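What follows is a short report on a single structure.
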Amino acid sequence: MNVDQMNDIIQTWRETPEEDLTPQDYQQFTHFGQACLAQDESEKLLKFLQNDRNQGIVKSMGCGLLASLTNEVVEKRRSRDHCQAALTHLTKTCSPEQLLHSLLEIIEDIDPSSISETIVVVAPLLQTVLLEGQTASVGSALVALQKQMSRLPVPYTRQQEAADEHGLCRCCATLAAFIRPFVEEVKRKDGIGGEEEELKAELLKFCMRSLKEPLLGAQLDRGRTDSPLWLFAAEIVVTLHAIQKPLYDFLLINVLKKSTQMDNSQFNESRASLAYLTFVQFITIDQFPAVFSPVFLLQCNMDSVSLLLSSKNESYILKGLALHAKSMEIVQDSSLPVGLLELKAFSTGLQSLQKVLTDCPLKHLREAGLQVFQLFIDKLDAEAKHKFFRWMLKTSNHSGVDGYIIKNIRNEVDRAIKLGNTSEWFQGAEFVTLLGTALCLPQGAETDLLHSMDRIMESLNLLRFLLITNNEVRSSTDGWIELCRIKDQYLKMLRVCISMSRAYYTAELKSLRENQKLKAKEARDAARSTKLVKIMRVKHDSESQMAPEVQHQVLQSALVTFDLMESLIFRIEEIAKEKQKAID
């Protein structure tokens, strides 16, 4: 089509009322704009769109060019500035309803390789349209934007955040700027009126979705206030405080659940994220009332702690551990009552923490979890510690955890002695019950001593400690009798286990040595035999799962461990006899 023909068509469009334009007219107009862009004539297209004589055409059919112009800007071609100016002009000229539909369609059809670039370009245009009397559609616009943004991976390290390879950080900054005028409108009108209430509800939903994704998966540090993800987190929490008062109701008693219309899982994850941002990162903590007791706050946060620790996501677990630790730091040592252990939130949270200690494959998470575990023990009062230790010894099924608990029992007895505390929980009759739980073999004579080594060694150390210190149990006649009874019963069963285990591992070691001699002889014979026999013999040897040297080392180490246990048992018996003579 030549220039004269195109001018005739443009003149026809100018003279045709909007309602009389045909689908062919819309198609020709779109092709005209695309041809200008393809021929690198974006400046010519911009002048056409800005021409006063063409404003009727632009208003009627200009939305057809939005996708092509957006693509030019996203691709950062030479015509970008002209195309950006054209987009701005269209948003001021075209019908708001048509603009909204076209822009949402662009977002819906984003190319996966240019998600962030498209959002950065389209969001400001969409904001302009919505502010022109289309605030009822803010919710659908936010959902569309967040749906696409959720496809981007969350940066996990500082280097990844700085590089922002996939553009998530740019999207966060864009969305933060996108919602500001709508937040100001809600604040200005204080949610009065149907439309304002609806806008407030949509902003709440947006903030809740943002708390879950991307913020729950992001690594945040209040020392890096220039971090784009940190700034986005601060923007979200500040927005929540601005449009939902008082926000502590949401953190403590779930009052926002109905207004956000989220399912339980999504709501609880968003709530956990907000608790982390408030109590760990201290975002807007100055607006949180100081009237709540530390124990009450700890109790309220335990549901969130449990949820985060039960996740398989490293970022979630780190946040759960940090929230648990911060919630306990403000609690006075030895003050948490035994009744808290009976609450579902505490029992579930402790079970989740135990799984981190025993099942998590990442060493740094297990180490962090152990610090939180010890902090929790330190906050319990004597009765709560006693009950908690008994519960853990009966349910953990993990020698390392059992050993750690028994070590804490010894520390509590030592502390009680130094403070002159005669509490029954670690000095009196109740302690004897706890001692009986600690000094036992879980599977009796069939206990795997190597698997249970941590528990057994700590048990022997505890027994030795009780015999050599001047504690209430040893000092009283009844206490001494019970202590000796438990000692005798425990050591008798332990000797049986050691004897059986030593016989088994000695036999295995002897068998291994005989097999090594046999294989050495076969190897010498094979060297004199045919090549085929030699190949077959090599193939057979390769099926062994553990090298003989390693097997020998494992078996020898087991025997050394049994010697160590027996030496401790012998020393404990010596101490007991000395103390008995002193009593007699």
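The lysines whose alpha-carbon is closer than 17 Å to the alpha-carbon of LYS47, local same-chain residues fewer than 8 away aside, are LYS59, LYS92.
Counting 0.36 nm for each residue step from PHE292 to LYS363 and taking away their Cα separation leaves a gain of 22.0 nm.
If the segment from ALA163 to THR225 were pulled out straight at 0.36 nm per residue, it would be longer than the present Cα-Cα gap by 20.6 nm.
Dipole orientation for the chain: of the candidates LEU231, ILE119, LEU277, LEU277 has the Cα lying most toward the positive pole (charges on Cβ; Lys, Arg +1; Asp, Glu -1). At an R0 of 56 angstrom, the distance between the Cβ atoms of ILE9 and LYS344 translates into a FRET efficiency of 0.15. Please compare each pair in LYS387/LYS487; LYS319/LYS379; LYS147/LYS363; LYS487/LYS581; LYS394/LYS492; LYS344/LYS487 to a cut-off of 25 Å on the Cα-Cα distance and tell me which ones are over it. Where the Cα-Cα span goes over 25 Å, the pairs concerned are LYS147/LYS363; LYS344/LYS487. Within a straight-line Cα-Cα reach of under 28 Å, LYS517 can be paired with the following lysines, leaving aside sequence neighbours fewer than 8 residues apart in one chain: LYS531, LYS534, LYS539. Modelled this way, with points 7 Å down the Cα-to-C-beta line, the labels at GLU514 and ARG571 are 3.7 nm from one another. Here the chain exposes an accessible surface that is 51 percent carbon and sulfur, computed with a 1.4 Å probe and the other protein chains kept in place. With R₀ set to 22 Å, the beta-carbon distance separating HIS31 from ARG53 gives a calculated FRET efficiency near 0.60. The packing ranking of peptides 576-583, 559-566, highest mean first, is 559-566, 576-583, where packing means the average number of other beta carbon atoms within 10 angstrom of each residue.
For the chain, a crude dipole built from +1 on the beta carbon of Lys and Arg and -1 on the beta carbon of Asp and Glu, taken about the Cα centre, is about 3060 debye to the nearest 20. Applying the criteria of a DSSP loop state and at most 14 other Cβ atoms within 10 Å to the GluC sites (Glu not before Pro) of segment 157-204 yields GLU165. Label zone (GLU97, point 7 Å along Cα-to-C-beta; backbone nitrogen cut-off 16 Å) within segment 51-67: 59-63.
Accessible surface for the chain, divided over its residues, is 51 Å² per residue with a 1.4 Å probe.
Note on the chain: Rg/Rh from Cα positions, Kirkwood definition for Rh, rounded to two decimals, is 1.20.
Each peptide among 306-319, 26-39 gets the average number of other Cβ atoms lying within 10 Å of its residues, and from highest to lowest they stand as 306-319, 26-39. Between ASP111 and ARG151, the simple label model (points 7 Å from Cα in the Cβ direction) yields a spacing of 1.2 nm. If you plug the beta carbon distance of ALA85 and ASP190 into 1/(1 + (r/R0)^6) with R0 = 41 Å, you get a FRET efficiency near 0.60.
The values are calculated or read from the model by the stated rules, or taken from the named source; none is laboratory data. Quick caveat: nothing in here was measured; it's all calculated off a predicted structure. Cβ atoms come from the backbone with ideal geometry, glycine included; neighbour counts cover every protein chain shown. The area values use the complete protein model at the heavy-atom level, side chains included, leaving out ligands, DNA and RNA. Shrake-Rupley method; radii C 1.70, N 1.55, O 1.52, S 1.80 Å.
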